[in-house]
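Below is one structure; the comments refer to it alone.
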Amino acid sequence: MWEERAERARRDIAALATSGMNLADLYPAALAVVQRTVPFEQGCWAGVDPHTLVMTSITNWKPWPVRREEFVEYSARFAETEYSENEPNTFAQLLRRPRPIARLSDAPHREVVRSVRINDLLKPQGLEHELRAAFRVDDTCWGVGSIFRDVGRDFTDREVEFLAAVTATLAAATRIAVRAGHPTRAAAVGPVIVIAGRHGELKAATPAAASWLAEVEDAAPGRFSMVLYSVVAQASAAVSGTARARMRDAGNSWVVLQASRLITGDDPEQMVVTVEPATTHDLATLLLAAYGVTAREQEVCLEVLSGNPTADIARHLFISPHTVHDHLKSLFEKVGVGSRGELVAKLVA
């Protein structure tokens, strides 16, 4: 019975993905599919940059039951916990496991009792049980998500198995959604620069940033804030003091956020965050991963994007021209094009 339910859910989620949905529409619909078999009171799923794991979109099953004036701090603290070594079952931890899924009740007690996420953020909202998973396919993570229950029944072993059985399909659906959508106008030109506090709170912004932020907020309320919280939290936790992520702006163009810790000034915990149009390399590597190409195929494609002929590609990559043609044939099939020109247009136009 559970296997049949999982197979039905996989078919339903795959159908959602092939309908051309973007991530903002896909995740609410997929949450509804999961809810039919695994009931929950609250859910929170996020798309992530597959190369940095910074959350770049957030979908809540219901609005979080916190007052509006508390939501900014609440969301920032949630993002911060994901990069803490003291939290149980962080998504980064899940991705180091053979099966990237875990329920809170299976975590060591010593981790639960000191958890900020559990004791300061979830329990005050009446949420006692958590089941979270990373959406991974072909060794790449495209999304993450948690579902929560109140003080009643915990998630059963069968329910854990069900969610585990659909995570790869959710990952595949997410990477299809990443490919969906085309820019309606060019990405904003800078300088789009903001100064953020240690929790991601906005301290200052350039005039161009203020205008850009207003457009993003109108198009997708809360999107930039959640990405900002995540990229700042990751930069704060990183030894280098930096982090970056790709996201879509109000015009559906891809941009790159980079957070860097300031080393001078009155508040050394402040972050400077720049927003720039994604480079050809940034965009191509993201989309190629979304099309499921291999590492070698990506290298060949980047050579094509640089305008190099077959002989030069073969020499640069130490492979034969025949092998280059084989990789190109596979690339064309995966991306759905028939020539180098179409390949370039599909990836960077």
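Just a few scattered comments:
- Every residue from the stretch 176-190 that is open to solvent by 30 Å² or more (accessible area, probe 1.4 Å) and modelled with pLDDT of 85 or more: I176, R179
- Pair list, Cβ under 7 Å, 6 or more apart: the stretch 206-217 residue on the phi < 0 side of the Ramachandran plot, other residue basic (K, R): V216/R223
- Some residue of the stretch 200-210 being aliphatic (A, V, I, L, M), buried (at least 19 other Cβ atoms within 10 Å of the Cβ) and in a helix (DSSP H, G or I): yes
- Top-ranked residue of the stretch 2-41 - restricted to ones that are open to solvent by less than 30 Å² (accessible area, probe 1.4 Å) and of a type in the set (S, T, Y), ranked as farthest from F135 (Cα to Cα): T37
- For the stretch 133-151, a tally of residues being free of Cβ contacts under 8 Å to residues at least 60 places away in the same chain, out of contact with any helix residue (DSSP H, G or I) (no Cβ under 7 Å at 6 or more places or on another chain) and of a type outside the set (V, I, T) returns 1.
- Positions within the stretch 241-264 being polar (S, T, N, Q) and either modelled with pLDDT under 90 or open to solvent by less than 40 Å² (accessible area, probe 1.4 Å) (or both), in sequence order: N252, S253, S260, T264
- Residue list for the stretch 23-41, filter: closer than 21 Å to A180 by Cα and touching a Leu at 6+ places or on another chain (Cβ under 7 Å): L26, A29, A30
- Flag: E217 does not match the condition of being assigned to a helix (DSSP H, G or I), open to solvent by 30 Å² or more (accessible area, probe 1.4 Å), at pLDDT 95 or above and of a type outside the set (S, T, Y).
- Here the stretch 42-75 is the region considered, the condition is being assigned to a helix (DSSP H, G or I) and farther than 25 Å from V178 by Cβ, and the residue that is least open to solvent (accessible area, probe 1.4 Å) is Y74.
- The condition (being of a type in the set (A, V, I, L, M, F, W, C) and closer than 24 Å to A245 by Cβ) is satisfied by just one residue among A76, A29: A76.
- Taking each residue of the stretch 280-301 that is without any contact (Cβ under 8 Å) to a residue 60 or more places away in the chain and within 15 Å of H316 (Cβ to Cβ) and looking for partners that are of a type in the set (S, T, N, Q) and open to solvent by less than 20 Å² (accessible area, probe 1.4 Å) with beta-carbon atoms closer than 7 Å, six or more apart or interchain, yields Q298/T285.
- Scanning the stretch 82-99 for residues that are surrounded by fewer than 19 Cβ atoms within 10 Å (Cβ to Cβ) and in contact with a helix residue (DSSP H, G or I) (Cβ under 8 Å, 6 or more places away or on another chain), we see that the one that is farthest from R114 (Cα to Cα) is R99.
- Residue selected from the stretch 133-164 under the condition surrounded by fewer than 19 Cβ atoms within 10 Å (Cβ to Cβ) and among the acidic types (D, E), by the criterion nearest to E41 (Cα to Cα): D150
The values are calculated or read from the model by the stated rules, or taken from the named source; none is laboratory data. All values derive from a computational prediction rather than experimental measurement. Using ideal geometry, Cβ is built from the backbone for each residue, glycine included, and neighbour counts are taken over all protein chains shown. Heads up: the accessible areas ignore ligands, DNA and RNA and are worked out on the full protein's heavy atoms, side chains in. Shrake-Rupley method; radii C 1.70, N 1.55, O 1.52, S 1.80 Å.
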